[in-house]
């Protein structure tokens, strides 16, 4: 059996009363059903990342970049705020740089009326700049139509199938890129 892929599930909202924690828990439970994955939750609410970047990394910055560096792939759980993603997520993404390179990223999003697709499209651009690979399929929930309520999807079969498709793509890219990085260091 091959070494499990380490997948960091990053919960990108830090607001009190956020839906992201419940969405992240639901998705993590889906991902943990796969024996080939070792899923690690990286909740941004657990980090105090500096607003301006000091010359010496803070303990929270060092811990966050260490978790990103150790992962083979990522799933970003993000809300959509004003047709984009939250500042807390952008701040966290910018703390790391080399740690993202040549690794795949998937997305689980939620929003009011759009399933969070605008946040995902904005994140794809950011991760392309960081030389990460975003997978095509994603999972999205419209909070206005009740597609995610009480900590669970309203249509669990459809949501689970979307998660499975995205995880299939993420795992394929994670294996391919992990093997490639092992044979040849990534050139940025």
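Considering the stretch 96-111, and only residues there that are over 24 Å from residue 30 (Cα atoms) and modelled with pLDDT of 95 or more, the residue that is surrounded by the most Cβ atoms within 10 Å (Cβ to Cβ) turns out to be 102. Being loosely packed, with under 13 Cβ neighbours inside 10 Å and at positive phi: is that true of residue 150 here? Yes. Restricting the stretch 138-163 to residues that are assigned to a loop (DSSP other than H, G, I, E, B) and in contact with a strand residue (DSSP E or B) (Cβ under 8 Å, 6 or more places away or on another chain) leaves a set whose member that is modelled with the highest pLDDT is 138. Among the residues here, residue 79 does not qualify as crowded, with 20+ Cβ neighbours inside 10 Å, under 24 Å from residue 172 (Cα atoms), under 15 Å from the mean Cα position of the chain (by Cα) and in contact (Cβ under 8 Å) with a residue 24 or more places away in the chain.
The set of residues in the stretch 1-53 that are farther than 23 Å from residue 127 by Cα, modelled with pLDDT under 95 and in contact with a helix residue (DSSP H, G or I) (Cβ under 7 Å, 6 or more places away or on another chain) is empty.
A search for C-beta distances below 7 Å between a residue of the stretch 160-188 that is at negative phi and free of Cβ contacts under 8 Å to residues at least 24 places away in the same chain and any residue that is exposed (fewer than 12 other Cβ atoms within 10 Å of the Cβ) and in a helix (DSSP H, G or I), counting only pairs 6+ apart in sequence or on different chains, returns nothing.
If you go through the stretch 73-98 and keep only what is more than 20 Å from residue 139 (Cα to Cα) and in contact with a strand residue (DSSP E or B) (Cβ under 8 Å, 6 or more places away or on another chain), you end up with just 92. Checking each residue in the stretch 169-188 for being exposed (fewer than 14 other Cβ atoms within 10 Å of the Cβ) and part of a helix (DSSP H, G or I) picks out 172, 176, 179, 180, 182, 183. Of the residues making up the stretch 133-144, those that are buried (at least 17 other Cβ atoms within 10 Å of the Cβ), within 12 Å of residue 104 (Cβ to Cβ) and either touching a residue at least 40 places away in the same chain (Cβ under 8 Å) or over 12 Å from the mean Cα position of the chain (by Cα) (or both) number 1.
The values are calculated or read from the model by the stated rules, or taken from the named source; none is laboratory data. Worth saying up front: this structure is predicted, and the values here are computed from it rather than measured. Ideal geometry is used to build each Cβ from the backbone, glycine not excepted, and the neighbour counts take in all protein chains shown.
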